[in-house]
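Here is the structure we will look at.
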Amino acid sequence: MTTTNTDNGSTTAGRPRRRPRREDVRAGLLAAALEVFEEIGYVAARLDTIAERAGYTKGAVYSNFGSKQELFATLLSERLADTAADVLSQVDRITSLDETVLHTARYLARGVLREQRWHALVVEFALQAGRDPEVGAVFREHRRMRRTLLATTLAERAAGFGAPSDPEHYTVFATILLATVNGMAVECAADPEAVTEDQVTESIAAVLHAALAH
């Protein structure tokens, strides 16, 4: 028995089946896209490969995402939102500055070590952004959103410890923190045996402590 999913629904041996919900199609495409991107990279990935992996036609991709750039940008945004929510939920009840810094740094460090393929993919996308104007526009928007969210989070946590509120200060440290995380991810990808979780944690913690203790 052969089943084929399309952007308009499914058929089984010529009989129409219930049309999949749009959110289910979208979620399936995103999951497939993440797998394909991490396996072969952003540049090599093709939308028809992603569609086939998800069990849909290429038309289903275009009915949910306007381009490969938009598809990847959606993955970036969802990952950003998930990471921010996880960090905030874990440090929400912590009242000590040192404990907050260590907990957050350890969380981010473990992400660097566990998700090396994802970080390598982001680095590839960043390099492609310098060559492709459309990719560049998507990437710049994502990085600005990420810096803004991170700066706001740092400012809110610092206020809880009596630190002054200076938006420019936290924007600078947000940029430094992102660069630190990305740099450690590159080091881990290049020579994973030479970089330990403690080293990554200490590097991130130094930046966080400087920002929050300002």
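The values are calculated or read from the model by the stated rules, or taken from the named source; none is laboratory data. This is a predicted model, so every value here is computed, not measured. Quick reminder, even Gly has a Cβ in these numbers, built from the backbone with ideal geometry, and neighbours come from all protein chains shown. Accessible surface areas use protein heavy atoms only, side chains included; no ligands, DNA or RNA. Shrake-Rupley method; radii C 1.70, N 1.55, O 1.52, S 1.80 Å.
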Legend entry - Total residues in the stretch 189-202, condition of a type in the set (S, T, Y) and in contact (Cβ under 8 Å) with a residue 24 or more places away in the chain: 1
Legend entry - Number of positions in the stretch 90-120 that are more than 14 Å from the chain's Cα centre (by Cα), surrounded by 16 or more Cβ atoms within 10 Å (Cβ to Cβ) and either of a type in the set (F, W, Y) or at pLDDT below 85 (or both): 5
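Based on what the data block shows, is L75 open to solvent by 30 Å² or more (accessible area, probe 1.4 Å) and hydrophobic (A, V, I, L, M, F, W, C)? Explain how you work it out, then say what you get.
On the way: open to solvent by 30 Å² or more (accessible area, probe 1.4 Å): no; hydrophobic (A, V, I, L, M, F, W, C): yes.
Taking the combined requirement at face value, the residue does not satisfy it.
How many residues are more than 27 Å from S96 (Cα to Cα), open to solvent by 60 Å² or more (accessible area, probe 1.4 Å) and in contact (Cβ under 8 Å) with a residue 40 or more places away in the chain when one looks only at the stretch 149-188?
Narrowing the stretch 149-188 to residues more than 27 Å from S96 (Cα to Cα): 183, 185-188.
Applying the additional criterion that residues be open to solvent by 60 Å² or more (accessible area, probe 1.4 Å) yields 186-187.
If we keep only those that are in contact (Cβ under 8 Å) with a residue 40 or more places away in the chain as well, we get 186.
Result for the stretch 149-188: 1.
Evaluate the stretch 56-68: report whether one residue or more is buried (at least 17 other Cβ atoms within 10 Å of the Cβ) and under 16 Å from the mean Cα position of the chain (by Cα).
So far as the stretch 56-68 goes, yes, one or more of its residues are buried (at least 17 other Cβ atoms within 10 Å of the Cβ) and under 16 Å from the mean Cα position of the chain (by Cα).
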Legend entry - Those residues of the stretch 189-214 which are among the polar types (S, T, N, Q) and open to solvent by 20 Å² or more (accessible area, probe 1.4 Å), in sequence order: T196, Q199, S203
